[in-house]
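This report refers to the structure that appears directly beneath it.
The values are calculated or read from the model by the stated rules, or taken from the named source; none is laboratory data. As the structure is a prediction and not an experimental result, all values here were calculated from the model. Because the Cβ atoms are built from the backbone with ideal geometry, glycine has one as well, and the counts that use them run over all protein chains shown.
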Amino acid sequence: MEISHAEGSYIYDANNKAYLDFVAGVSACTLGHKHPKVVTALKTQIDSYLHVMVYGEYIQKPAVELTKLLAKHLPKSLEKTYLTNSGTEAIEGALKLAKRATGRSQIIAAKKAYHGNTMGSMSVMGFEERKQVFRPLVPDVSFIAFNNEADIQHITNKTAAVILETIQGGAGFIEPTNNYLQKVATRCKEVGALLILDEIQPGFGRTGKLFGFENYNCIPDILVTGKGLGGGMPIGAFTASGKLMDLLQDNPKLGHITTFGGHPVIAAAALATLKEVTESNLITQTLEKEALFRKHLVHPLITEIRGKGLMLAAMTPSADITNQVILRSQEAGLILFWLLFEPKAIRITPPLTISNQEIIKGCGIIIAILNSIETN
């Protein structure tokens, strides 16, 4: 469909048909579409200056204020942030930092993991079908099963870092269980490896906490964020201690550089987004809205609802049923989407600003479509 405009929880096509958005640009539009505070921040910054120099050469207030506010809301060990153009670029920076800090090369990732689509990020993707034609990729990458405690022993003193999604996204919104992340973190400390947590999807209020790891008794050594931070603008970031991040300054100098990272206009939008998320009731409302989804999405063809907060996946018995629901929902004016590696999942990741009435309306469309599906 061709887009005309978007506002709040709705996207409008070229024929001015309204579509209720249950996807939010794949978890990116935290405050919905064209949020007034984000738009104001963008316009104000545009009137001052756009790109002026490669990131880090000049002091640019939007980026400084954004990273200071991030540090204020993160544990003390996560104090210094490097801004990038996207989540996948932030993953690249995090992997480089881990190798630089440890002097080791082995990276351990999870099966069915997704961290982006550049070469380094693809190397830690746990889904061979999607990367086999692009080999050779970055060497010395091993894979463990998410939530499998026996596999934790594969983390050794040869491991530079373990990289995990706080909640596995493409795999079907799989949450860590039985203090899994905490156990991985403990093992990493035992062997001198670093733990990288990918919060590109769970971050910025989507799970009922500002960051997903706050739900699971685990603080990473390196935190990667993106998507929802930008308020609809492209951004990524990786955050670690000052001691770790300072390693990128020497041996070699300019260990990680970018032209457009920390772009003042995008940083202004991200700052407005982060302020609104942290100064409003949106985070606490997220869990209330999750409960509303679970209340209204009850049907024999919904086998379970995975995830937390407004990062939900409604599971059906088959990929065919899921496809019917997603495609027919769009015809009915509701936007749903798929997950990368789990064909039976219906993605439900609306803006945090979605209203209770809009949730009930969208759920009604889903239930009506499920009621019309004939199964043997």
Residue hits (the range 98-121; among the hydroxyl-bearing types (Ser, Thr, Tyr) and either crowded, with 21+ Cβ neighbours inside 10 Å or over 20 Å from the mean Cα position of the chain (by Cα) (or both)) are 102, 105, 114, 121
query: For the range 246-267, does any single residue satisfy the condition of being touching a residue at least 12 places away in the same chain (Cβ under 8 Å), over 15 Å from the mean Cα position of the chain (by Cα) and under 25 Å from residue 10 (Cβ atoms)?
result: yes
Result of the Cβ filter at 9 Å on the range 46-67, keeping first residues that are not assigned by TED's automatic domain parsing to the domain that holds residue 84 and partners that are of a type outside the set (A, V, I, L, M, F, W, C) and surrounded by fewer than 16 Cβ atoms within 10 Å (Cβ to Cβ), at least 6 apart or interchain, is none
By residue number, the members of the range 181-200 that are in contact (Cβ under 8 Å) with a residue 60 or more places away in the chain and closer than 16 Å to residue 109 by Cβ are 193, 194, 196, 198, 200
Across (1) part of a strand (DSSP E or B); (2) under 21 Å from the mean Cα position of the chain (by Cα); (3) not assigned by TED's automatic domain parsing to the domain that holds residue 188, residue 7 clears everything bar (2)
Expected output for the range 350-376 (first residue within 20 Å of residue 300 (Cβ to Cβ), partner of a type in the set (Lys, Arg) and at pLDDT 95 or above, Cβ below 6 Å, 6+ apart or cross-chain) is 369/328
Of those in the range 127-148 that are surrounded by fewer than 15 Cβ atoms within 10 Å (Cβ to Cβ) and touching a residue at least 24 places away in the same chain (Cβ under 8 Å), the residue farthest from residue 104 (Cα to Cα) is 145
Per the list (1) within 30 Å of residue 326 (Cβ to Cβ); (2) surrounded by 17 or more Cβ atoms within 10 Å (Cβ to Cβ); (3) outside the structural domain of residue 361 (by TED's automatic domain parsing), residue check on residue 34 breaks on (2)
Q.
Tell me whether the range 317-337 contains one or more residues that are buried (at least 22 other Cβ atoms within 10 Å of the Cβ) and of a type in the set (S, T, N, Q).
A. yes
Of the listed residues (64, 38, 54, 26), the one being not in a helix (DSSP H, G or I) and not aromatic (Phe, Trp, Tyr) is 54
Filter the range 73-125 for residues that are in a strand (DSSP E or B) and hydroxyl-bearing (Ser, Thr, Tyr); the one that is nearest to residue 243 (Cα to Cα) is 81
Over the range 317-358, the set of residues among the acidic types (Asp, Glu), part of a loop (DSSP other than H, G, I, E, B) and farther than 23 Å from residue 201 by Cα is none
Filtering the range 126-146 for residues that are farther than 25 Å from residue 254 by Cβ and assigned to a loop (DSSP other than H, G, I, E, B) leaves a count of 7
